[in-house]
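Asker: Structure incoming, see below.
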Amino acid sequence: MTGLRFGLALAASALALGVAQAQEPKKGGTVHVVVQPEPPMLMQGLNQNGPTNMVAGNIYESLLRYNEKLEPQPSLAKSWEISPDAKVYTFKLQEGVTWHDGKPFTADDVVFTLDKFLREVHPRWRPIVNAQVDKIEKVDDLTVKITLKQPFGPMIMTQEVASAPMIPKHIYDGTDYRANPANNTPIGTGPFKLKEWKKGSYIHLVKNENYWLKGRPNLDEIYWQIIPDAAARAVAYETGKVDVLTGGSVDVYDVARLSKLPNTCMTTKGWEMFAPHAWLTPNVRNGILGNKQFRQGLMYAIDREFGREVVWGGLGKLPTGPISSKTKFYSDDVPKYAFDPKKAKELIKASGYKGETIRLLNLPYGETWTRWTEAIKQNLEDVGVKVQVENTDVPGWTQKASNWDFDLNFNFLYQLGDPAMGVARSYITSNIAKGNPFANVGGYSNPEVDKLFADAAIAPTDKERQELYTKVQKVLADELPVLWLLEMDFPTIYRCNVKNLVTTGVGVDDGFRDAWKE
Amino acid sequence: MSFLKRFARNRGALIGLTILVVVILFAIIAPQLYPQSPWRTVARPFLAPFVMDRFPLGTDTLGRDIASGLAHGARVSLTIGLVSTLVALLIGVPLGAIAGYAGGIVDDALMRFTEFFQTIPSFALAIVLVAILQPKLGSIVLAIGVVSWPPVARLVRGEVLSLKTREYVQAAITIGQPTARIIWSQVLPNTIAPIIVMGSLMIGSAILLESSLSFLGLGDPNLMSWGYMVGAGRTRLLDAWWISFFPGVAIFLTVLALNLAGEGLNDALNPRLARGRE
Amino acid sequence: MNLAQFLAGRLAKGIVVLFAIAVLNFFLIRAAPGDPAQVLAGEAGAADEQLLIQLRERFGLDQPLLTQLWVYLKGYLTFDLGFSYRQQQSVLSLILDRLPATLLLTGAAFIVSLGLGTLMGALAARRAGRWQDSVITTLALVFYATPLFWVALMSQIVFSLKLGLVPNVGYESIGANYTGLARALDIASHLVLPALTLGLFFTALYARMMRASMLEVAGADFVKTARAKGLAPGLVSRRHVARNAILPVVTLAGLQAGQLVGGAVLTETVFAWPGIGRLMFDALVQRDYSVLLGVFFMSSAMVVGFNILTDIVYRLADPRIEAVS
């Protein structure tokens, strides 16, 4: 009987893999991957930094995965049901799943994770569970029921591994989560286990022999190498030290060069869930930046295509508004801004700008961002806007952005699969709060926008949601609370004999469960 | 043999001086030579050098003229070198002079203070200072100055210690001249020579230090310095070597010139050490 | 004053300096914008007030500043360098993990530069004014005047990528599981580029120092006497000049040794060398206060230690110094 169920589970995941499954995977092998910067810790429930997610996605798992179209797929949940009133979600769990320490994974762990652990420590899950969820209950050992207070469209998108990693109850319940010594020896259900972490050098993961999905993982070992300098990372790939360069780990110019090497493949897939959206935030509290005409003038003044083509090496796509074209509910029925310095000058003049110096805060994430800052500074000076670039390190940037100490600030945010989760937060009045660089730091406030976002999140059907989101995109593209610059692509570069590397909308962060080496 | 003659006989020193003069001239006429901002995109990116006459050194990642950047960068880099050296001298010379002249407890305290600054690795301290004050021209200059003054203080102290015992200083003390005046008019003028030598070497180190800070992302993005240019082009060494090569050569030549001139100065001032005398 | 008294005095002064440095560092680092909790929360791409409060409590940042200072100093008195919440590890073990790599790198660079540098300097001084002198002096200047990181990147491209002679980054071949001699050779091949890059700069300093100091000593009375006695120039140069000229070199070596910890930030970054310098830089840009303070303290202690050592070597090498002090 278990055999049949496993067969079903296998079939389901094979479907998720789609075409990539055509070739029979080979067993064994080691893959070397670059991770940068070094993750602070691998306990994904407590830390969701980019590098942490990249490595920990192999150790931890969540109820669902998402394919490239962002449709939910089985992971620890074998199947799920949504009640007709869209308020009750019932998840059936896989059978025979064990934690890395051998203890069985059950509904108790799910309830503990979602209702207690993540509610206390996870900044993304906490607001959702507090605002939307009425109760989370165990029905039997392999069934969990989540009851919502009201319909919440994005609910099914919340179970991605970084947003809701399953945490072992037997290790964490009743302890001080952040001080638990087990944080150094993460225990998950994932296809790989942590073997060794040599700080400053590498993280070594080995195959979980008792993984619940039979026949997986294919690889024996993964080494995550920590190489701080971008140019050195490119050379390390070329000399064969590493096999996979994860998104953003080499300079954009190296992407084109490395992609041409023999046995080298490049993909921009695997970022659909995040769909990073880059923009400049004007601090609308600061004088002239509160003026809509002035902001529109800036938008016309910036040569966004130059940024895409030259600064980002032709990667990515120009955005039209707050929602990425890769995310659901995107609409291009909005006012658009082509590069037009003449129009920019007119608008800036009409706005009453008197030559005030605008402070432009550089994002300290490497050379490409600095080049972008320089290019935009030049664009703005060309239309007569005085710009002073401010440079800082990451903590300085976080501090200034969080405390609204800027005139114009670069940022890029993940869309997280649904506008209610990844988009609204940057524009709604209730999210104007100091202390968080990813809140509505520009201070834009418009009751109409607030209402549209609020209604759209809980509208019962997708059609109604689309109507509301179309409307809000139109309003925002006219008012420009932020100046959208680029729908970013973070290409993954890897040796072509590493197969099935990117199979989901979360990409490398979903782990190497299905990857194999030819 | 006069100082000038001795200096002129030193071929290295002359070469150094010549390079320096050229660099300084270049820096002075930069705005006339390249009236446009060096930040402006003027051609297609990655234009190789020696291909187009208008852009003899090629263009960088954003299509900016590297020759223009070099000229404007000369101003910035020399300024950073000069001003931060001045900062170091302003701290180091008085401290060293007071310590050497006063002796006793004052000397001990000031030397502990100096030691204190030498105890934290200087590059690490510079990084921390720039991070704290945030990367701006002022903070970079200050940080470089703060980490480079202790050797100056030690040098001046040593000189003062030996000068203090000379007859003319003793005479000034005996006739009751005020201490400040003795230090100012009798002691310091005689320490000028070694200070100038050291200063010329320090300008070079300061330019190098600024380039290292730039490399770590701690440069001032409003100023096109050579260090900034090298740092910005370093990821393209393989396929667009000229972006970081030319500013690298500029730094190299300037530091080299400063050292040659400094050493020539030293030899000319201290004939004892002059070369060719075995 | 005998050696024991001298040592005791120096030690006492050293401890005072270290204490002052510990306090100064504490306030210096707090002056930087941002704090570790904010950084950690910011990196996660999501943060709220509650997360920040939770993290600040973990870092002990919810305590008054003076209490934090007291806890920190009290820890140091008992040789407890604190705990990094970010890394979930004690600062001492973090430092000890990284120390071997740094000592290996800077030690190798130290030997290379000291050997090569003094040799070059001595040769140049003996041939002062002739072409050999010019060549060596120019070479030393080239080493000195080229930005270190540029040399580092160029050497990776030439020796690793183009010629394929040695690996470009890392401490050893990861996943190769070499043991014994094979491992030693593997580490040695990784060491070549960073040690040479780091060594070049100091080679230049030693060469210049040695040359200048030899010329200076050569003019001293006792050398003139030796020469007047009719000793062979080579013998004079070796026995009288070189031996005395070595003193300033000892000072420089003491200085360089003091920079063993934390003096190699750039080299370690470019070559992905898992040493203390990088630990320091990472801790700085993450505002991981306890780690940063720990590294600073360790490296200051090293400097103080080496200063004392240098003084001792000085006294042993040159008895005149005792009379002066």
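The values are calculated or read from the model by the stated rules, or taken from the named source; none is laboratory data. No experiment lies behind these values; they were computed from the predicted model shown. Here Cβ is always computed from backbone atoms with ideal geometry, including for glycine, and neighbour counts include all displayed protein chains. With ligands, DNA and RNA removed, areas are computed over all heavy atoms of the protein, side chains included. Shrake-Rupley method; radii C 1.70, N 1.55, O 1.52, S 1.80 Å.
Asker: Hey, what angle do you get for helix C:289-317 against the long axis of chain C, alpha-carbon based, 0 to 90 degrees rounded to 10?
Answerer: 20 degrees
Asker: Enter the mean number of other protein chain beta carbons within 10 Å of the beta carbon of each residue in A:434-446, as an integer.
Answerer: On the way: counts 1, 10, 9, 6, 7, 4, 0, 0, 0, 0, 0, 0, 0.
Counting other chains' Cβ atoms within 10 Å and averaging over A:434-446 gives 3.
Asker: Let me check I've understood the local charge: for A:LYS193, count other residues with C-beta under 12 angstrom from its C-beta, Lys and Arg +1, Asp and Glu -1. What total comes out?
Answerer: Around A:LYS193, the charge tally is -3.
Asker: Follow-up. What does the structure give for B:214-225 when I average, per residue, the other chain Cβ atoms found within 10 Å of the residue Cβ?
Answerer: The shielding value for this peptide is 5.
Asker: Also: With an 8 Å Cα cut-off and a minimum separation of 6 or more residues, compute the relative contact order for chain A in percent. The partial results should precede the final answer.
Answerer: On the way: 1082 pairs, mean separation 110.3, N = 518.
In percent, rounded to a whole number, it is 21.
Asker: Estimate for me the total accessible surface buried between chains B and C (protein heavy atoms, probe 1.4 Å, no ligands or nucleic acids), in Å² to the nearest 100.
Answerer: 4500 Å²
Asker: At the nearest 100 Å², what buried accessible area, both sides summed, do you get for B and A when the probe is 1.4 Å?
Answerer: Interface between B and A: roughly 2100 Å².
Asker: Output the 0 to 90 degree angle, nearest 10, between the alpha-carbon long axis of helix C:243-258 and the longest principal axis computed from the alpha carbons of chain C.
Answerer: 10 degrees
Asker: Under the classification rounded if a/c is under 1.5, otherwise prolate if a/b is larger than b/c and oblate if not, where does chain C fall, given a ≥ b ≥ c as square roots of the Cα gyration tensor eigenvalues?
Answerer: Here chain C falls in the oblate category.
Asker: Continuing with this model, one more query. Could you give the accessible area per residue of chain C, probe 1.4 Å, as a whole number in Å²?
Answerer: 42 Å²
Asker: Which length gain, in nm to one decimal place, applies between A:ASP101 and A:ASP332 when the Cα-Cα distance is subtracted from 0.36 nm times their residue separation?
Answerer: 78.1 nm
Asker: Which three semi-axes in whole Å describe the equivalent ellipsoid of region A:347-387, each the square root of 5 times a Cα gyration tensor eigenvalue, listed largest first?
Answerer: Numbers: eigenvalues 113, 19, 9 Å².
Working through the eigenvalues yields semi-axes of 24, 10, 7 Å.
Asker: At q = 0.04 Å⁻¹, what log₁₀ I(q)/I(0) does the protein assembly as shown have when each alpha carbon counts as one equal point scatterer in the Debye sum?
Answerer: The Debye formula, applied to the Cα set alone, gives -0.24.
Asker: Kindly tabulate the residues in region B:43-81 with an accessible-area decrease of at least 40 Å² between the chain alone and the assembly of all protein chains, using a probe of 1.4 Å.
Answerer: The answer is B:THR61, B:LEU62 - residues whose exposure falls by at least 40 Å² when every protein chain is included.
Asker: Report the accessible surface area buried between chains C and A, summing both sides, using a 1.4 Å probe on protein heavy atoms only, in Å² rounded to the nearest 100.
Answerer: 4100 Å²
Asker: Need the list of aspartates and glutamates near A:LYS292 for cross-linking: C-alpha distance under 15 angstrom, and skip anything on the same chain fewer than eight residues off.
Answerer: A:GLU346, A:ASP407, A:ASP478, A:GLU479
Asker: I've got another one for you. Given the C-alpha atoms of region A:110-216, compute the convex hull and give its volume per residue in Å³.
Answerer: 143 Å³
Asker: Let me ask something else about it. Report, in listed order, any pair from A:LYS26/A:LYS207; A:LYS78/A:LYS269; A:LYS317/A:LYS451 with a Cα-Cα distance greater than 22 Å. Intermediate values should be presented prior to the final figure.
Answerer: Working: A:LYS26/A:LYS207 14 Å; A:LYS78/A:LYS269 25 Å; A:LYS317/A:LYS451 29 Å.
Check vs 22 Å cut-off fails for A:LYS78/A:LYS269; A:LYS317/A:LYS451.
Asker: Give me the percent relative contact order of chain C, please, defined on Cα pairs under 8 angstrom at least 6 residues apart.
Answerer: Taking the mean separation of contacting Cα pairs over the length of chain C, I get 25 percent.
Asker: Got a number for carbon plus sulfur as a percent of chain C's accessible area, 1.4 Å probe?
Answerer: 70 percent
Asker: Ok, one more. Tell me, what is the percent relative contact order of region A:293-411, built from C-alpha pairs under 8 Å that lie six or more residues apart?
Answerer: It rounds to 30 percent for region A:293-411.
Asker: Follow-up. Which entries of A:LYS149/A:LYS326; B:LYS164/C:LYS224; A:LYS260/A:LYS377; A:LYS377/A:LYS434 have Cα-Cα distances beyond 31 Å here?
Answerer: Cα-Cα > 31 Å for A:LYS260/A:LYS377; rest within.
Asker: Another one. Applying 1/(1 + (r/R0)^6) with R0 = 22 Å to the Cβ-Cβ distance of C:VAL250 and C:PHE19, what FRET efficiency is obtained, to the nearest 0.05?
Answerer: So, using R0 = 22 Å, E works out to roughly 0.20.
Asker: Still on this model: Return, ordered by residue number, the residues of region B:139-157 whose backbone nitrogen is under 17 Å from a label point located 7 Å along Cα→Cβ of B:LEU82.
Answerer: B:141-142, B:145
Asker: If we count every other residue with Cβ under 12 angstrom of C:LEU40's Cβ, Lys/Arg +1 and Asp/Glu -1, where does the sum land?
Answerer: The answer is +2.
Asker: Rounded to the nearest 0.05, what FRET efficiency is calculated for B:TYR168 and B:VAL21 with R0 set to 25 Å and r the Cβ-Cβ distance? Let's see the in-between values first.
Answerer: Numbers: r = 36 Å, r/R0 = 1.46.
In this case the efficiency is close to 0.10.
Asker: May I ask you to give the solvent-accessible area per residue for region B:1-134, in square angstrom, as obtained with a 1.4 angstrom probe?
Answerer: Ligands and nucleic acids excluded, the figure is 46 Å² per residue.
Asker: How large is the Kirkwood hydrodynamic radius of chain B, counting all unique pairs of alpha carbons, in Å?
Answerer: Answer for chain B: a Kirkwood hydrodynamic radius of 20.7 Å.
Asker: Still on this structure, please answer the following. Kindly tabulate the residues in region A:178-199 with an accessible-area decrease of at least 20 Å² between the chain alone and the assembly of all protein chains, using a probe of 1.4 Å.
Answerer: Listed by number, the residues meeting the 20 Å² cut-off are A:ARG178, A:ASN184, A:LYS198, A:LYS199.
Asker: Can you give the longest run of chain A that contains no trypsin sites (Lys or Arg not before Pro) sitting in a DSSP loop with at most 14 other Cβ atoms inside 10 Å?
Answerer: It runs A:435-518.
Asker: Next question, about the same structure. Considering only protein heavy atoms and a 1.4 Å probe, what is the carbon-and-sulfur percentage of the accessible area of region A:18-130?
Answerer: Numbers: 2080 of 3820 Å².
Percent of accessible area from carbon and sulfur atoms in region A:18-130: 54.
Asker: Counting only the backbone N, which residues of region B:162-177 are under 20 Å from the spot 7 Å out from the Cα of B:ILE196 toward its beta-carbon?
Answerer: B:163
Asker: Please find the FRET efficiency linking A:ASN497 to C:SER189, where r is the Cβ-Cβ separation and R0 is fixed at 25 Å, and quote it to the nearest 0.05.
Answerer: 0.45
Asker: Name the residues of region C:277-316 whose amide N is less than 16 Å from a point 7 angstrom out from the Cα of C:LEU7 along the C-beta direction?
Answerer: Label zone hits: C:305-316.
Asker: Let me ask something else about it. Roll a 1.4 Å probe over the protein chains and send me the accessible area per residue for chain A in Å². All intermediate terms of the calculation are to be shown ahead of the outcome.
Answerer: Details: 17370 Å² over 518 residues.
Ligands and nucleic acids excluded, the figure is 34 Å² per residue.
Asker: Just grab the label-to-label distance for B:LEU133 and C:TRP131, each label 7 Å out from Cα along the Cβ direction, in nm (one decimal).
Answerer: The modelled label-to-label distance comes out at 4.8 nm.
Asker: How large a share of the accessible area of region A:413-518, in percent, is made up of carbon and sulfur atoms when the probe is 1.4 Å and the other protein chains stay in place? Please list the in-between numbers first.
Answerer: Working: 1680 of 3120 Å².
Accessible surface attributable to carbon and sulfur in region A:413-518 totals 54 percent.
Asker: To continue, here is another question. Within the protein assembly as shown, what percent of beta bridges assigned by DSSP are antiparallel, to the nearest 5?
Answerer: 80 percent
Asker: Output the 0 to 90 degree angle, nearest 10, between the alpha-carbon long axis of helix C:91-126 and the longest principal axis computed from the alpha carbons of chain C.
Answerer: Roughly 20 degrees, rounded to the nearest 10.
Asker: In region C:105-149, what residues drop by 50 Å² or more in accessible surface going from the chain by itself to the full protein assembly, probe 1.4 Å?
Answerer: Relative to the lone chain, where solvent access is computed with a 1.4 Å probe, region C:105-149 loses at least 50 Å² at C:LEU141, C:TYR144, C:ALA145, C:PRO147, C:PHE149.
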